[in-house]
1. Just give me the residues in the range 187-237 being among the hydroxyl-bearing types (Ser, Thr, Tyr) and either in contact with a His (Cβ under 8 Å, 6 or more places away or on another chain) or crowded, with 23+ Cβ neighbours inside 10 Å (or both), in sequence order.
2. Which residues, taken from the range 42-80, are in a loop (DSSP other than H, G, I, E, B), more than 19 Å from the chain's Cα centre (by Cα) and within 18 Å of Asp15 (Cα to Cα)?
3. Tally time: how many residues in the range 17-54 are acidic (Asp, Glu) and either crowded, with 24+ Cβ neighbours inside 10 Å or free of Cβ contacts under 8 Å to residues at least 60 places away in the same chain (or both)?
4. Determine if the range 238-249 includes at least one residue that is under 30 Å from Ser30 (Cα atoms), aliphatic (A, V, I, L, M) and either open to solvent by less than 60 Å² (accessible area, probe 1.4 Å) or touching a helix residue (DSSP H, G or I) at 6+ places or on another chain (Cβ under 8 Å) (or both).
5. Looking at (1) assigned to a helix (DSSP H, G or I); (2) modelled with pLDDT under 95, find the lone condition where Phe292 falls short.
6. Can you pull out every residue in the range 262-281 that is in contact (Cβ under 8 Å) with a residue 40 or more places away in the chain, open to solvent by less than 20 Å² (accessible area, probe 1.4 Å) and either of a type in the set (A, V, I, L, M) or part of a loop (DSSP other than H, G, I, E, B) (or both)?
7. For the range 171-186, give me the residue count where each residue is in a loop (DSSP other than H, G, I, E, B) and either hydroxyl-bearing (Ser, Thr, Tyr) or open to solvent by 40 Å² or more (accessible area, probe 1.4 Å) (or both).
Amino acid sequence: MMASPDPSDTAPVPDVVKDASGERLASVRSLGQGAPVLAFDVGGTDIKSALFDADGIARGLRRTPTPVADGDRTGVLIERLGVLAAELTADHPDVVPQAVGLVVPGIVDADAGLGVFASNLGWHDAPIRDLAAAELGLPVGFDHDVRAASWAEHRLGGARAYANSVVLVIGTGIAGALLVGGVPYTAGGYAGEIGHSPIADGPICACGARGCLEAVASAGAIARRYREATGVTPDGAKDVIARAAAGDQIAADIWNSALDALTMSLAQLTAVVAPEAVVIGGGLSRAGGALFDELRSRLATRLSFHRLPELVPAELSGNAGLIGAALRARELV
C-alpha cells in the first residue's frame, strides 16, 4: 500500500513546460504488457514522472521542478516523490502500481541503493532507494539515469540491435553508459562517466577536474563558451551551430572545438571498448547531420585499423530515462 504524504505537502506541483534546452515534453513509447508501475526520472533541474498501466501506456506524464534546498537535497526530493505519486494515483484510480522505478544522476550504486555522489543535488552515500520505498510503500527499482536510459534504448530503442554499445547523452552536461554483452557495465556506479573523461588541459569543469569533455562539448558548454567570448547570450547550442553555419567565426571555432573533443572521446572509446555502436541522445543529438556526419568523418580520419562503431541517433527522445525507470520497476514484480 502506498504511503500518503503529509497534507501540508500536497499543494499541486507546477509543471515545467520546456526544459533548459527549450524542448517540450514528448510522448512516451509504450512498454508493452506488464505490471502497472510508477516511474520517476530525477534530474538536477526537473523530474519526469508517469504512471504506466498494464498495457505499458504512460498515464499522467509530467515534468516538474526538482525541489531546491541548501546542501543535501535527498529529504526534499523524497517528499516531492511522495506528492507526485499521490497526485498520479489520485488522478488515475483505475491503475494500481505494484512497484516504483527511480533513476537519479551522479555516481549511483544501484545494488546498494545508494546515491554515492551528485554535486548538483548535494548527496553523499544517500540511501535513496530505501528512503523512497519507505515514503511510497512500494518496492523500488533504483538505478543511474543514463544507465537506465541505455537499458531502455537497448530494449526498445536505438541500441536494440547491438549487444555491445555506448549510449551517450549530450545535453546540459554529458553522460554515458556502457552495455557489454547486452548487460550494463557499472563498476559500482563509476563506469560510464564519459562526460568527465579528460580531453584537454582546460577549462575547469564544474566537477573540479580540468578539461572534461562536458566542459567543452556539452550543449551547455557550447552556449556558455559563446556567451563568454561575445557577450551575447545564444538561444542554446542549436543557435550557436546555426550561427556557425551562417558564417559567425567565433561560433564556428567553438563548434569545431566541440566536435574535435567529441571525436577524441569517441576514438578513445573505440580503441578501448570497441563498441558496435554509439547511440547518441540528448538535446545536441537533434543537430542531425551537423553532428553525426561530422563525427563519422572525423572519427574515420583519426583512427586506423579499429572497427568503427555505428553512430546511431537515440530513439526514445528525452524519455529514455523514464522508460528505463519503468522497466527497472517491472523487474521487481
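The values are calculated or read from the model by the stated rules, or taken from the named source; none is laboratory data. All of these numbers come straight from a predicted model, not from anything done at the bench. Methodologically, a virtual Cβ is constructed for each residue, glycine included, from the backbone with ideal geometry; neighbour enumeration extends over all protein chains shown. When the accessible area is computed, the model is the full protein with side chains, heavy atoms only, and any ligands, DNA or RNA have been set aside. Shrake-Rupley method; radii C 1.70, N 1.55, O 1.52, S 1.80 Å.
1. Passing the criteria: Ser218, Tyr226.
2. Within the range 42-80, Val68 is the sole residue that qualifies.
3. 3
4. no
5. (2)
6. Hits for the range 262-281 are Leu262, Leu266, Pro275, Ala277, Val278, Val279, Ile280.
7. Final tally of qualifying residues: 3.
Here's the yes/no breakdown for (1) free of Cβ contacts under 8 Å to residues at least 24 places away in the same chain; (2) of a type in the set (Phe, Trp, Tyr); (3) in contact with a strand residue (DSSP E or B) (Cβ under 9 Å, 6 or more places away or on another chain):
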site: Gly82; (1), (2), (3): no, no, no
site: Ala85; (1), (2), (3): no, no, yes
site: Leu88; (1), (2), (3): no, no, yes
site: Pro105; (1), (2), (3): no, no, yes
site: Trp123; (1), (2), (3): no, yes, yes
site: Pro127; (1), (2), (3): yes, no, yes
site: Gly158; (1), (2), (3): no, no, yes
